Each structure stands twice: as structure tokens, then as C-alpha cells.
Amino acid sequence: MLDAIVWFFQNIGLAFYNLGYAVTHPQLWLDWSDKASIMRFVYYGGSVEFFFVIFTTLLIITAIGFWKNGFMWGCVRVLEGFANTVGRFFAWAGLLMVIQQIIIVFIQRIFTRPDIVLGFGVPLQFDISWWAEELKLYNALVVCLCATYTFVQGGHVRVDLIYSAVSFRAKRIIDMFGSLVFMMPMAVLTWMYGWYFMWRHMIVPNPSASDSLDKLVLKSRALRWNLETIGFSPNGFNAYFLFKILLVAFAAMVFLHSIAFFYRSYLEWKEGPESEGKYLDKDTLGEGEEAYEGTH
């Protein structure tokens, strides 16, 4: 137990050195013309060192926020604004999905064409089955990049056993507990598994979470890009590595919003019911449509 405590605080202390070293030596992990830099980037993205840099930074920001609540409200507005901006943009993928499906039906059933060609000169030409399977990408964009936006808007289904029956401040305590015990750990675990899962479908030799930095740098001698381009059907969609990238992006956005949710819950708990929904940028159907809010 003592060793674990020493290890924990030692890594917090080393986080300042690791962050400073990474900032002052960017060529070691950002110069991708050097294969060893790519492997260092892969290693640190899922490493204990990276976790404690993020953890320590979060502790400092949170401590400042406890001291200056205005600063914490600023963090909430920035993080929720980021979730809203990304979500509102990629929500249009749902419309693209519908339009593309209609085009596929017309091309395949009415014009009986086996492919769809877009562009002039050197056109973009793929089989109908490629475009049909590519619809999954639009769905993944909505699911992964609009999840936190939906959270901000209060659109997720919530199973309520005791929440509605407790006081305002008790609700905020439950929200804080949920963000720290469920939301953050889930995002971290998804990132840790998803990070190496993503890179195993982008480069060879395959990196592993159990590899040390020295071993990965040694592997970099044989490194080459090998993006996953195998579809489920012979002429189907063949860019499935994009789904692995979206998985990592999803984990990062959920983690960031778990911070915003904890901050908002704490501030509303501290300031009372009058602060509920403060600075919350929720979508609206427009003046006179209040009766329909929350039903779309």
C-alpha cells in the first residue's frame, strides 16, 4: 500500500518534468519523418506518463476553479461550447446519410447502374455496395461526435430510480459522483484500449500496450504505414480505420465533457437552484415552439 502511494505521488511530480520535456523537445514525438518519433507518439498516447500529465493538469485547473468560481464557469462554457459546436456540425451527417440512401435507391433500382461516379476529370467512382456500406461512417460520426452534444442538450435517456425524488443539491452530488466514478473512468478505459486498437490498424509492426518505449523504438526500424482497407464485401467500403479514429475521438470528448459536467454540478450545488442551467446553450425550435421542446 505504501509503495502504491509513493508511486502515485512520484508520477504526479514527474508529470511536470514529462510535460516540460515534451514541450521543449517536440521533434522527438512530432517529427513523423523519423519513424522513431511515430513510435514515441504511439507509446506516450496510451502511457502512464501521459495519464498523469493529464491528471495533474486537471488537478491544478480544478484547484484554481475551487478558488475562483468564475474561472470554473469559464471552463464549463468552453467545454460545453466545444461539445455543442462539434455536435451541431457533425449532426448534418444524418442528413447526408438520408440523401445518399435515396440516391443509392434511385441509381440502383431506377437507373440500374452498378456504380456511382462523382466529379470531373478524374472522377470518384465506386461500386453501389461501397456507397451503401459507407453509410455506416455517417452513423458513426453522429454516434461518436454528437454524444457529448446530446448530453449538453439533455437528450440522452436517463433511467431514474431515486434522482427525481431527492433535493436539488442531492441531485448535484449524484451528478458529481457519476461523472467521477462512471463517466471519467469509462472514457479513460476506452481511450487506453482504443488508442492501441487504432494504431494496430494503421501501422506495422503492430504496437502493443505491453511494449516498453525502448521496444517500440526498436520496432520502428521496420515501421511502415498499413492502413486497414479490407471491406466486408469485395467492392464494399474499405476505410474502416476511420472508425478506430472515431472511437478515440469519442473517448476524448466524453472525458472532456465529464470534466465540464463535474464542474457544472459542483457550481450548481454551491450556488443553489438559481444557478441551474446557467450559461447553458440549449437548442430551441424558436419563439412560440416551447411546447415542442425536448420532443425532437
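The values are calculated or read from the model by the stated rules, or taken from the named source; none is laboratory data. Small disclaimer: the values here were computed from a predicted structure and weren't measured. So basically every Cβ, Gly included, is an ideal-geometry build from the backbone, and we count neighbours across all protein chains shown.
Quick rundown of the values:
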item	result
Residues located in the stretch 41-54, provided they are within 15 Å of residue 225 (Cα to Cα) and surrounded by fewer than 21 Cβ atoms within 10 Å (Cβ to Cβ)	41
Boolean, residue 88 is surrounded by fewer than 16 Cβ atoms within 10 Å (Cβ to Cβ), under 27 Å from residue 255 (Cβ atoms) and in contact with a helix residue (DSSP H, G or I) (Cβ under 9 Å, 6 or more places away or on another chain)	yes
Single residue of 182, 168, 151, 177 found to be over 16 Å from residue 246 (Cβ atoms), out of contact with any Ser or Thr (no Cβ under 7 Å at 6 or more places or on another chain) and crowded, with 20+ Cβ neighbours inside 10 Å	151
Pairs with Cβ under 9 Å, 6+ apart, first in the stretch 16-42 and over 22 Å from residue 207 (Cα atoms) and at pLDDT 95 or above, second among the acidic types (Asp, Glu) and surrounded by 16 or more Cβ atoms within 10 Å (Cβ to Cβ)	none
All positions within the stretch 193-206 that are surrounded by fewer than 17 Cβ atoms within 10 Å (Cβ to Cβ) and under 30 Å from residue 265 (Cα atoms)	193
Residue that is farther than 30 Å from residue 84 by Cβ, surrounded by 10 or more Cβ atoms within 10 Å (Cβ to Cβ) and touching a residue at least 24 places away in the same chain (Cβ under 8 Å), where the choices are 140, 132	132
In the stretch 212-271, residue surrounded by the most Cβ atoms within 10 Å (Cβ to Cβ) [restricted to those that are of a type in the set (S, T, N, Q) and over 17 Å from residue 199 (Cβ atoms)]	258
Pair list, Cβ under 6 Å, 6 or more apart: the stretch 72-83 residue within 16 Å of residue 60 (Cβ to Cβ), other residue in a helix (DSSP H, G or I) and hydroxyl-bearing (Ser, Thr, Tyr)	72/263; 75/263
Condition met for residue 166 (out of contact with any Asp or Glu (no Cβ under 6 Å at 6 or more places or on another chain) and either in contact (Cβ under 8 Å) with a residue 12 or more places away in the chain or under 27 Å from residue 100 (Cα atoms) (or both))	no
Within the stretch 167-218, considering residues that are part of a helix (DSSP H, G or I) and acidic (Asp, Glu), the one nearest to the chain's Cα centre (by Cα)	175
Matching entry among 127, 160, 115 (being of a type in the set (Asp, Glu), over 20 Å from the mean Cα position of the chain (by Cα), exposed (fewer than 10 other Cβ atoms within 10 Å of the Cβ) and on the phi < 0 side of the Ramachandran plot)	160
Qualifying residue in the stretch 3-25 (condition: in a loop (DSSP other than H, G, I, E, B) and either small (Gly, Ala, Ser) or surrounded by 14 or more Cβ atoms within 10 Å (Cβ to Cβ) (or both))	no
The stretch 150-162 residues that are farther than 22 Å from residue 280 by Cα, paired with ones that are buried (at least 16 other Cβ atoms within 10 Å of the Cβ) (beta carbon under 9 Å, 6 or more apart)	none
Scan of the stretch 221-252 for residues that are part of a helix (DSSP H, G or I), of a type in the set (A, V, I, L, M, F, W, C) and in contact with a Phe, Trp or Tyr (Cβ under 8 Å, 6 or more places away or on another chain), ordered by number	247, 248, 251, 252
